[in-house]
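Enquirer: Pasting a structure below so you can have a look.
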Amino acid sequence: MTFRRDHLLIRAGDGRWVRWRLPADFVAPSPTEPNLASSVEAARAVQAALRALAAPNGGFRDAVIALPDRAAHAGLSEGAGSRAVRRLRSELVRGLATTSAPSPSELDGRFRFGTLASGSLGRRSVLGAVTGSPVARQYEAAAEAAGLRVRWVDATSLALLPEWLGHASGKVDRRLLLLLHRRHFVLATAAGQRLTGFRMKLRAALDPDPPALAIRRAIEGGRYAVSILGDGAAAVADLARPMGLTLVDARDAEEDGGTPAVSPVTDRALAALLRRVGERPAPLEPAPVEPADA
C-alpha cells in the first residue's frame, strides 16, 4: 500500500488494486514531521479500501508499505564494508530533527528499508535512507489498525533500485534511471551493478525541463542506457532524445477508459516490495476494483 497526496492505493498480489480517495493534500511528505493529516482517518481509509478489495476466501494478513520519497532522508556514499554503512547512517540521522530521530534500536530495525550496498567488494557504493520515528509509526499504525502485519517499509523510488541494479544487461555499462512523480523526480546512475549517482529534486507540476536538465548534467556526453518512468515521461523523453543517449524505456502513467492508471513507478515499487517478502505478484489488472462507498 502507499499513501499519496489525495488518495490511498492498495495493490493485491493477484493484480487487483483499489484507489481510495482522501481529502486534498491529506499527505504532506516529510522525514521529520507526521505526514498524515489524521491518523484516525488514515486507518479508516485502509480498512475501507481493504473491504473493497477483499478476496472471496478472506482478507489480507500482511502488508508492505511504500512511503512517499520525500518522507525519507537519503544519501549516497562511496565505500565498502560496515564502516561506510555506519558513517552514512550517522550522517543521515544528524540530518533529522532531534525529536524525530530514531533510537539506536529503532534505527537497527528500520534502516534496512533504505540501505543498499551495490557493486563488487573491491569497489562499492552504499545508498542509505532514514525517516523519523513519528513518520514511520504513522504509516505502520494505519496498516496495523486494519489487522495487518507490516512486513517491509521502503521509500517508493528506492524500492525499485535493487532490482534495477541487478538487471544490468552488459550491452551498455553505464545506465541511468529517471523516476518521475508529479512534484519531484529521482535520478540514479549506475556502472554495471554499482550505483554511481543518486539525487532527488523538486519539479513544478509536470514541467519536463528540470528532469531533462538533470539527465544532461548526469551523462556529461557519455554513453548511457536511459530508462524514464512515471508522470510526464513522454515529454521528458522528447527533450532527452537529442542528447545522443540510448533510450531503453519511456513509460508514462496513461488513462484507461477515463480511469487514471497507476503510475509505473508506484506499480513497480509495490511489486518489488511484494517480491522482497516472498510474494509473486501478478500484473496489474487494467481497471481498479470499484469502491462501493468511495
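Enquirer: Quick check on region 20-48: of everything there that is under 26 Å from Ala129 (Cβ atoms) and out of contact with any helix residue (DSSP H, G or I) (no Cβ under 8 Å at 6 or more places or on another chain), which residue is surrounded by the most Cβ atoms within 10 Å (Cβ to Cβ)?
Expert: My answer is Val27.
Enquirer: Still on this structure, please answer the following. Would you check which residues across region 166-224 are hydroxyl-bearing (Ser, Thr, Tyr), surrounded by 12 or more Cβ atoms within 10 Å (Cβ to Cβ) and either in contact with a His (Cβ under 6 Å, 6 or more places away or on another chain) or free of Cβ contacts under 8 Å to residues at least 60 places away in the same chain (or both) and list them?
Expert: Of everything in region 166-224, those that are hydroxyl-bearing (Ser, Thr, Tyr), surrounded by 12 or more Cβ atoms within 10 Å (Cβ to Cβ) and either in contact with a His (Cβ under 6 Å, 6 or more places away or on another chain) or free of Cβ contacts under 8 Å to residues at least 60 places away in the same chain (or both) turn out to be Thr189, Tyr224.
Enquirer: Could you grab me the full set of residues in region 97-140 that are of a type in the set (Val, Ile, Thr), modelled with pLDDT under 85 and touching a Ser or Thr at 6+ places or on another chain (Cβ under 9 Å)? It would help to see each step written out before you state the result.
Expert: From region 97-140, those of a type in the set (Val, Ile, Thr) are 98-99, 115, 126, 130-131, 135; that's our starting set.
Narrowing further to those that are modelled with pLDDT under 85: 98-99, 115.
The one that is of a type in the set (Val, Ile, Thr), modelled with pLDDT under 85 and touching a Ser or Thr at 6+ places or on another chain (Cβ under 9 Å): Thr99.
Enquirer: Quick check on my filter: what residues within region 193-232 are of a type in the set (Lys, Arg) and over 22 Å from Ala168 (Cβ atoms)?
Expert: Once the filter is applied, which keeps residues that are of a type in the set (Lys, Arg) and over 22 Å from Ala168 (Cβ atoms), region 193-232 yields Lys201, Arg203, Arg216, Arg217.
Enquirer: So, one more: Considering only region 1-19, state which residues are assigned to a loop (DSSP other than H, G, I, E, B), surrounded by 20 or more Cβ atoms within 10 Å (Cβ to Cβ) and within 14 Å of the chain's Cα centre (by Cα).
Expert: Of everything in region 1-19, just one residue is assigned to a loop (DSSP other than H, G, I, E, B), surrounded by 20 or more Cβ atoms within 10 Å (Cβ to Cβ) and within 14 Å of the chain's Cα centre (by Cα), namely Met1.
The values are calculated or read from the model by the stated rules, or taken from the named source; none is laboratory data. Treat the numbers as computed from the prediction; the structure is a model and nothing was measured. Quick reminder, even Gly has a Cβ in these numbers, built from the backbone with ideal geometry, and neighbours come from all protein chains shown.
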